[in-house]
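Written out below as structure tokens is the structure these notes cover.
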């Protein structure tokens with residue numbers, strides 16, 4: 001009787017933890033998506049400030065290009081590690097753009 005209780009409890013715990021594990025994998029990608037959206041929002045704000053200070057409003061549609069690149073690269077893979085690396089590469093590009101825009105904005109001030 002004691003062994004059967006242990007097996008039953010063990011099966012119950014594994015039944016509960018398996019969906020949580022799958023959720024954590026999806027959650028990692030959604031955290032990266034939130035991080036990317038935050039960086040893109042900052043980029044849009046910086047671009048607006050640089051545009052108003054310089055009077056030049058012919059900056060490319062950076063956000064659309066980034067989202068298109070992300071979608072194209074994610075469409076070719078289903079490996080979670082590779083998808084995470086793709087997100088990190090795209091976030092890195094946006095961060096570099098943000099740094100360049102910040103320097104440009106500061107040099108204008």
Going by the structure shown, is residue 85 under 17 Å from residue 28 (Cα atoms), part of a helix (DSSP H, G or I) and without any contact (Cβ under 8 Å) to a residue 12 or more places away in the chain?
-> yes
Scan region 63-109 residue by residue and report those that are exposed (fewer than 10 other Cβ atoms within 10 Å of the Cβ) and within 17 Å of residue 40 (Cα to Cα).
-> 64, 71
Does residue 16 satisfy being at negative phi, at pLDDT 85 or above, in a helix (DSSP H, G or I) and more than 13 Å from the chain's Cα centre (by Cα)?
-> no
Exactly one condition in (1) surrounded by 10 or more Cβ atoms within 10 Å (Cβ to Cβ); (2) modelled with pLDDT of 90 or more is not met by residue 52; state its number.
-> (2)
Across region 28-77, the tally of residues that are in a helix (DSSP H, G or I), touching a helix residue (DSSP H, G or I) at 6+ places or on another chain (Cβ under 7 Å) and under 19 Å from residue 99 (Cα atoms) stands at 16
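The values are calculated or read from the model by the stated rules, or taken from the named source; none is laboratory data. The model shown is predicted, which means the values in this text are computed figures rather than measured ones. In this analysis, Cβ positions are derived from the backbone assuming ideal geometry, glycine residues included, and neighbour counts consider all displayed protein chains.
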